[in-house]
């Protein structure tokens, strides 16, 4: 595309043009508009209609690709289109740095969200339900909602942080990928294919324009020309409103072809010419714009490819492997994932304009074509492999024998048949004959179309070849694994190649904690209503274990397991958990505990013990307090205690407990210790620790 081109028609004043700068970058084929001030509503609407989008961080409008309409609008607005100053690599580095900033910000916010969740659940391990006991059920449900919302927020922020990290890496990787020689070569081939498409369209329109531009075109001739549009690859249509083309016989005003309008009597031959000639002239000019654009882009890509590979592009892009004298029988390795690491045998070297374009190879997947840009390694053929390929790829002979169903014709008649309606068919070798080919064609006979084998009656007969003991298939050329191919070294990373590390904000174990949060969210935060549940504080558990004086072979009972605070303390002190039994009345709590401690039973402890084969040496418990039920629990536990055993329990410090439990403890040589106020935070219940010996 030509830059610094001035658009003369309807150009705005120079003072207005000074507000705008238009650029084009052949690296990404994008047009950009820089404005010194905010666009007025009309200009903004035009930019939006043409596909321009505003990039707020960069401060410009950008179109996804070049088109003639976008170029014309920018020329009209800015007067000329300059070369873009920044390169794709520079823009990718800026974009990666911006994405890393987003990632770091979201990561920091995720860490704060996790900390907020921890502040609510610091006494509730993940996987445990939220409990309703000494707290009100309403507060517990509110906590559940806050925890779940906090966990969801933390997970979403963390995933957003990871998303921006991936975007940063992808931005740099894409810029490097686009500059690779093989990718650039494929891009050139696509550009050339697009250019050929517009050339075919232009050539077809030029032929049609020549026909429509003939003097004194009659109605019949105009109808014939309109009917032949498809031969030129042209498909035009117009709308014929009744206001401009009055008629009585067909009120349809929608889109229709010129042939349809002529045949229906809506227009005559002169109006058809007046419609088609300007349309074809505009189409030719449009195609020429695209052709010139593609020529410039191909020239740019060829020049860049030459710089990348250290070669010159003489009429076509040259890759290093295109300069080699590749021969059938040689082997190549390619970049395709399913064939990576294999040596593929070359059957044929395909060239275009004297330059290698592709290779026909054989692999375990069969016989297929490989683009030259896919080749990563080439090994010349040996005499044996070249001979094997030549033998395996030689075409079998064409026989000429009469037979039932064969069409007899002369060589001259065969030559007159179009190539699309004749050919040969191959027959595999068997025990009776070798491989051969025979002629087949399509012909007309008695008003019908026939297709079948052909015998040239004026040529000598060529019989079937005899069977051969030697195989001429491709089995000897099947691919084999490459012998420890040397790994292709990765290009040295530069400061702009490597995305900045995002570890500055990541807390230790943050990823694992987010993973745990995701698992918890799948199950949902549970609420278990457990009346009179008072989770035992960690420092009280420590005192209880000290009083219990647990021995290595002690059988231990925890009859009011609750949230597992005492069980956790036993585990932390290295107690053999196979010697521990626990009981919990609440089904939800028992199920949660069994995920960590399989020996937890669910049921009423006051009914427990009738089937016990033996008693327990140590019992540690924090029973419910309501209506003095803690006394019953402790007395029932004492009945399960073995002689010489120790029972350590928490109880309410009320008159009934002092009347019944204090004497029981002191007479056994134990003690009754009143605990400080608010030992169980938020309850206001006076408590005591009792330890009883038996």
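The values are calculated or read from the model by the stated rules, or taken from the named source; none is laboratory data. Just so it is clear, the structure is predicted and the values come from calculations on it, not from any experiment. Note: ideal-geometry Cβ built from the backbone for every residue, glycine included; neighbour counts use all protein chains shown.
Only a single item in (1) farther than 30 Å from residue 71 by Cα; (2) in a helix (DSSP H, G or I) is not met by residue 209, and it is number (1). Checking each residue in the range 232-241 for being within 13 Å of residue 264 (Cβ to Cβ) and part of a loop (DSSP other than H, G, I, E, B) picks out only 240. Taking the range 59-79 as the range and being part of a loop (DSSP other than H, G, I, E, B) and in contact (Cβ under 8 Å) with a residue 24 or more places away in the chain as the test, the residues that pass are 59, 64, 65, 66, 79. Taking the stated definitions as given, is residue 425 outside any loop (DSSP other than H, G, I, E, B) and under 16 Å from residue 453 (Cβ atoms)? In short, yes. Scanning the range 141-185 for residues that are under 17 Å from the mean Cα position of the chain (by Cα) and under 16 Å from residue 516 (Cα atoms) gives a single hit, 159. Among the residues examined, residue 142 does not qualify as at pLDDT 80 or above and in a helix (DSSP H, G or I). Within the range 570-589, if we keep just the residues that are in a helix (DSSP H, G or I) and crowded, with 20+ Cβ neighbours inside 10 Å, the residue that is modelled with the lowest pLDDT turns out to be 589. Can you say whether residue 692 is crowded, with 22+ Cβ neighbours inside 10 Å and farther than 19 Å from residue 604 by Cα, as far as the supplied structure shows? So residue 692 passes the test. Given the structure, is residue 495 within 30 Å of residue 103 (Cα to Cα), outside any loop (DSSP other than H, G, I, E, B) and at pLDDT below 90? No. Candidates 447, 452, 405: the one that is exposed (fewer than 11 other Cβ atoms within 10 Å of the Cβ), in contact with a strand residue (DSSP E or B) (Cβ under 7 Å, 6 or more places away or on another chain) and over 22 Å from residue 360 (Cβ atoms) is 405. Listed by first and then second residue, the pairs with beta-carbon distance under 7 Å, at least 6 apart or on different chains, first residue in the range 622-646 and in the same structural domain as residue 689 (by TED's automatic domain parsing) and at pLDDT below 90, second in a helix (DSSP H, G or I) and surrounded by 14 or more Cβ atoms within 10 Å (Cβ to Cβ), are 624/630. Is it the case that residue 614 is in contact (Cβ under 8 Å) with a residue 24 or more places away in the chain and surrounded by fewer than 13 Cβ atoms within 10 Å (Cβ to Cβ)? Yes, satisfied. Listed conditions (1) part of a helix (DSSP H, G or I); (2) surrounded by 10 or more Cβ atoms within 10 Å (Cβ to Cβ) are all met by residue 420, apart from (2).
Screening the range 620-644 for residues that are in a strand (DSSP E or B) and in contact with a helix residue (DSSP H, G or I) (Cβ under 9 Å, 6 or more places away or on another chain) and picking the one that is farthest from residue 571 (Cα to Cα) gives 621. Every residue in the range 507-550 that is in contact with a strand residue (DSSP E or B) (Cβ under 6 Å, 6 or more places away or on another chain), at pLDDT 75 or above and not in a helix (DSSP H, G or I), please. The one that is in contact with a strand residue (DSSP E or B) (Cβ under 6 Å, 6 or more places away or on another chain), at pLDDT 75 or above and not in a helix (DSSP H, G or I): 550.
Kindly provide the set of residues from the range 1-54 that are under 20 Å from residue 66 (Cβ atoms), in a loop (DSSP other than H, G, I, E, B) and either at pLDDT 90 or above or touching a helix residue (DSSP H, G or I) at 6+ places or on another chain (Cβ under 6 Å) (or both), ordered by number. Within the range 1-54, 1, 7, 26, 27, 28, 29, 50, 51, 52 meet the criteria.
Of the residues 370, 362, the single one that is out of contact with any helix residue (DSSP H, G or I) (no Cβ under 8 Å at 6 or more places or on another chain) and part of a strand (DSSP E or B) is 370.
Scanning the range 590-604 for residues that are in a helix (DSSP H, G or I) and without any contact (Cβ under 8 Å) to a residue 12 or more places away in the chain yields a total of 2. Residue 384 meets each of the listed conditions (1) surrounded by fewer than 13 Cβ atoms within 10 Å (Cβ to Cβ); (2) out of contact with any strand residue (DSSP E or B) (no Cβ under 8 Å at 6 or more places or on another chain); (3) over 23 Å from residue 368 (Cα atoms) apart from (3). Take the residues in the range 55-85 that are within 16 Å of residue 294 (Cα to Cα) and in contact with a helix residue (DSSP H, G or I) (Cβ under 7 Å, 6 or more places away or on another chain), then tell me which one is surrounded by the fewest Cβ atoms within 10 Å (Cβ to Cβ). Looking at residues that are within 16 Å of residue 294 (Cα to Cα) and in contact with a helix residue (DSSP H, G or I) (Cβ under 7 Å, 6 or more places away or on another chain), I get 68.
The rows are residues; the columns are (1) modelled with pLDDT of 90 or more; (2) in a loop (DSSP other than H, G, I, E, B); (3) touching a strand residue (DSSP E or B) at 6+ places or on another chain (Cβ under 9 Å).
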{"site": "175", "(1), (2), (3)": "no, no, no"}
{"site": "185", "(1), (2), (3)": "no, no, yes"}
{"site": "191", "(1), (2), (3)": "yes, no, no"}
{"site": "215", "(1), (2), (3)": "yes, yes, no"}
{"site": "223", "(1), (2), (3)": "yes, no, no"}
{"site": "230", "(1), (2), (3)": "no, no, no"}
{"site": "261", "(1), (2), (3)": "yes, no, yes"}
